[in-house]
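Trainee: Just dropping this structure here.
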Amino acid sequence: MRIGVSLSSSHRTDDAREGARWMVERARAANQAGLDSLFVGDHHSTGPGKYYQNSPILGRLLAEWDGRPAGALYLLPLWHPVLLAEQVGTLASIAQGRFIMQCAVGAEDDPAFPAMGVKPSQRPSRFEECLETVRALWAGETVEGTRRYPFERARVAPVPTEPVEVWIGGSVPATIDRAARLGDGWLADPGLTPVEAREHAAYYLDRTVAHGRKPRAVAIRRDIYVGRDPEEARRTVAPILARGYRGFDPSALVWGSVEQVAEQFRAYAEAGYTDIIIRDLVADPALVLESMGRLAEVRRSVANG
């Protein structure tokens with residue numbers, strides 16, 4: 001079981017530099033905790049809080065990271081494939097280790113689609129055409145545009161020095177099957193309950209067999225808090241649960257002492273997951289760093305069974 005982090009890119013602060021500094025501090029803390037991977041997300045036309053865009057902020061965060069895998073989520077239907085191939089090619093050149101592109105079609109009701117001039121109904125076709133095109137560009141080919149992306153004779157440099165690993169997110173049968181058919185790995189939705197997570201992992205693995213593919217990663221995002229002890233964790237998380245965190249079922253959230261969190265992580269490993277990508281359940285910067293630091297102990301506990 002590998003434990004990585006997807007840093008929150010959304011911060012409510014009057015000082016734009018403060019939110020960026022929090023992200024740098026958290027990347028540094030994740031590195032010191034020995035986490036296995038580092039990611040940031042992708043949203044557009046956001047507000048009123050500050051949202052730090054994935055490619056430039058990841059370029060800064062990589063200065064705090066070593067040779068372990070790193071990457072970003074890209075909602076492919078919102079990206080022109082030539083621009084995306086160039087962004088990832090540059091980031092992969094900055095990264096000391098393997099680059100992982102997480103990607104998804106995005107939610108149909110995401111306000112980013114009208115804001116970016118993209119028809120939500122075209123999400124699946126734009127996704128597949130974009131992915132096929134960027135892979136050809138990363139291979140050094142000169143590429144002609146497709147139905148959704150008309151362009152002529154494009155090529156990019158630098159190209160990634162090693163193949164980019166592609167994890168595809170999905171939470172319904174069609175998108176999970178797409179991940180099994182086209183991806184190197186699958187990224188499960190953060191809102192899944194433990195029962196749903198087990199069922200979705202089994203379905204994904206069945207579809208990889210049907211498509212004759214062997215996945216490199218079966219990953220799930222979990223919003224977590226690692227407390228000093230069970231009681232401190234309960235006191236910290238109780239107000240968050242009372243507010244109805246993101247509309248999630250409370251069982252989708254992972255919190256508790258080091259050993260309680262490790263026990264929950266081991267259950268996901270037993271369900272077939274190779275990677276847990278954590279997100280912060282709390283917002284307080286000091287508590288985030290404390291929780292991140294305790295993940296080093298969680299990793300050791302999980303490894304020791």
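The values are calculated or read from the model by the stated rules, or taken from the named source; none is laboratory data. Not measured: the values here are computed from a predicted model. Using ideal geometry, Cβ is built from the backbone for each residue, glycine included, and neighbour counts are taken over all protein chains shown.
Trainee: Testing Tyr52 on (1) hydroxyl-bearing (Ser, Thr, Tyr); (2) in contact with a Pro (Cβ under 8 Å, 6 or more places away or on another chain); (3) within 24 Å of Ala27 (Cβ to Cβ), one condition comes back false. Which one is that?
Mentor: Exception for Tyr52: condition (2).
Trainee: Filter segment 93-106 down to the residues that are free of Cβ contacts under 8 Å to residues at least 60 places away in the same chain, surrounded by fewer than 22 Cβ atoms within 10 Å (Cβ to Cβ) and touching a Lys or Arg at 6+ places or on another chain (Cβ under 9 Å) and list them by number. Step through it out loud before you land on a result.
Mentor: Just the residues of segment 93-106 that are free of Cβ contacts under 8 Å to residues at least 60 places away in the same chain, to begin with: 94-97, 106.
With surrounded by fewer than 22 Cβ atoms within 10 Å (Cβ to Cβ) added as a condition, the list becomes 94, 96-97.
Of everything in segment 93-106, those that are free of Cβ contacts under 8 Å to residues at least 60 places away in the same chain, surrounded by fewer than 22 Cβ atoms within 10 Å (Cβ to Cβ) and touching a Lys or Arg at 6+ places or on another chain (Cβ under 9 Å) turn out to be Gln96, Gly97.
Trainee: Applying the selection to segment 238-253, what residues are surrounded by 15 or more Cβ atoms within 10 Å (Cβ to Cβ) and farther than 20 Å from Ser10 by Cα?
Mentor: First pass over segment 238-253, keeping only residues surrounded by 15 or more Cβ atoms within 10 Å (Cβ to Cβ): 240, 245, 248, 252-253.
Within segment 238-253, just Ala252 meets the criteria.
Trainee: Looking only at segment 14-51, count every residue that is assigned to a helix (DSSP H, G or I) and either β-branched (Val, Ile, Thr) or touching a helix residue (DSSP H, G or I) at 6+ places or on another chain (Cβ under 8 Å) (or both) and tell me the total. Working first, answer last.
Mentor: Start the filter on segment 14-51 by keeping residues that are assigned to a helix (DSSP H, G or I), which leaves 16-32.
Next, only the ones that are either β-branched (Val, Ile, Thr) or touching a helix residue (DSSP H, G or I) at 6+ places or on another chain (Cβ under 8 Å) (or both) stay: 20, 22-32.
Result for segment 14-51: 12.
Trainee: For segment 169-187, name all the residues that are of a type in the set (D, E, K, R) and either surrounded by 24 or more Cβ atoms within 10 Å (Cβ to Cβ) or more than 18 Å from Asp42 (Cβ to Cβ) (or both).
Mentor: Initial filter on segment 169-187 (of a type in the set (D, E, K, R)): 177-178, 181, 184.
The answer is Asp177, Arg181, Asp184.
Trainee: Let me ask you something else. Tally time: how many residues in segment 135-151 are among the polar types (S, T, N, Q) and modelled with pLDDT of 95 or more?
Mentor: First, pick out the residues of segment 135-151 that are among the polar types (S, T, N, Q): 142, 146.
Next, only the ones that are modelled with pLDDT of 95 or more stay: 142.
Number satisfying all stated conditions: 1.
Trainee: Let me ask you something else. Output the number of residues of segment 122-135 satisfying the condition of being hydrophobic (A, V, I, L, M, F, W, C) and surrounded by fewer than 20 Cβ atoms within 10 Å (Cβ to Cβ). Break it down into steps so the answer makes sense when it comes.
Mentor: First, the residues of segment 122-135 that are hydrophobic (A, V, I, L, M, F, W, C): 127, 130-131, 134.
Those left that are additionally surrounded by fewer than 20 Cβ atoms within 10 Å (Cβ to Cβ): none.
Number satisfying all stated conditions: 0.
Trainee: Would you check which residues across segment 136-161 are surrounded by fewer than 16 Cβ atoms within 10 Å (Cβ to Cβ) and either aliphatic (A, V, I, L, M) or not in a loop (DSSP other than H, G, I, E, B) (or both) and list them? Don't jump to the end; show me each part of the working.
Mentor: In the first step, residues of segment 136-161 are kept if they are surrounded by fewer than 16 Cβ atoms within 10 Å (Cβ to Cβ); the result is 139-142, 144, 147, 150-153, 155, 157-158, 161.
Those that are surrounded by fewer than 16 Cβ atoms within 10 Å (Cβ to Cβ) and either aliphatic (A, V, I, L, M) or not in a loop (DSSP other than H, G, I, E, B) (or both): Ala139, Ala157.
Trainee: Considering segment 55-92 alone, what residues qualify as being touching a Leu at 6+ places or on another chain (Cβ under 7 Å) and without any contact (Cβ under 8 Å) to a residue 60 or more places away in the chain?
Mentor: Selection gives Ser55, Leu58, Gly59, Leu61, Trp65, Ala70, Ala72, Tyr74, Leu76, Leu91.
Trainee: So, Glu199, is that one surrounded by fewer than 21 Cβ atoms within 10 Å (Cβ to Cβ), modelled with pLDDT of 95 or more, not hydroxyl-bearing (Ser, Thr, Tyr) and not in a loop (DSSP other than H, G, I, E, B) or not? Talk me through it step by step, then tell me what you get.
Mentor: Values: surrounded by fewer than 21 Cβ atoms within 10 Å (Cβ to Cβ): yes; modelled with pLDDT of 95 or more: yes; not hydroxyl-bearing (Ser, Thr, Tyr): yes; not in a loop (DSSP other than H, G, I, E, B): yes.
Spelling it out, Glu199 is indeed surrounded by fewer than 21 Cβ atoms within 10 Å (Cβ to Cβ), modelled with pLDDT of 95 or more, not hydroxyl-bearing (Ser, Thr, Tyr) and not in a loop (DSSP other than H, G, I, E, B).
Trainee: Looking at segment 7-46, which of its residues are of a type in the set (A, V, I, L, M) and without any contact (Cβ under 8 Å) to a residue 24 or more places away in the chain?
Mentor: Just the residues of segment 7-46 that are of a type in the set (A, V, I, L, M), to begin with: 7, 16, 20, 23-24, 27, 29-30, 33, 35, 38, 40.
Within segment 7-46, none qualify.
Trainee: Now for a different question. Exactly one condition in (1) of a type in the set (Gly, Ala, Ser); (2) part of a helix (DSSP H, G or I); (3) on the phi > 0 side of the Ramachandran plot is not met by Gly212; state its number.
Mentor: (2)
Trainee: Taking the conditions exactly as written (crowded, with 20+ Cβ neighbours inside 10 Å, within 18 Å of Pro215 (Cα to Cα) and among the hydrophobic types (A, V, I, L, M, F, W, C)), does Val164 satisfy them or not?
Mentor: Yes, satisfied.
Trainee: Using the structure shown, decide if Tyr225 is touching a residue at least 24 places away in the same chain (Cβ under 8 Å) and touching a Leu at 6+ places or on another chain (Cβ under 7 Å). Break it down into steps so the answer makes sense when it comes.
Mentor: On the way: touching a residue at least 24 places away in the same chain (Cβ under 8 Å): yes; touching a Leu at 6+ places or on another chain (Cβ under 7 Å): yes.
Answer is yes for this residue.
Trainee: Here is a further query. Under 6 Å between Cβ atoms, at least 6 apart or on separate chains: pull out the pairs that start in segment 133-156 with a residue that is of a type in the set (Val, Ile, Thr) and end on any residue that is surrounded by fewer than 13 Cβ atoms within 10 Å (Cβ to Cβ) and not in a strand (DSSP E or B).
Mentor: So the pair list comes out as Thr142/Arg153.
Trainee: Those residues that are surrounded by fewer than 24 Cβ atoms within 10 Å (Cβ to Cβ) and closer than 16 Å to Pro158 by Cα, I need them from segment 59-87; list them, please.
Mentor: Gly59, Val82, Leu83, Leu84, Glu86, Gln87
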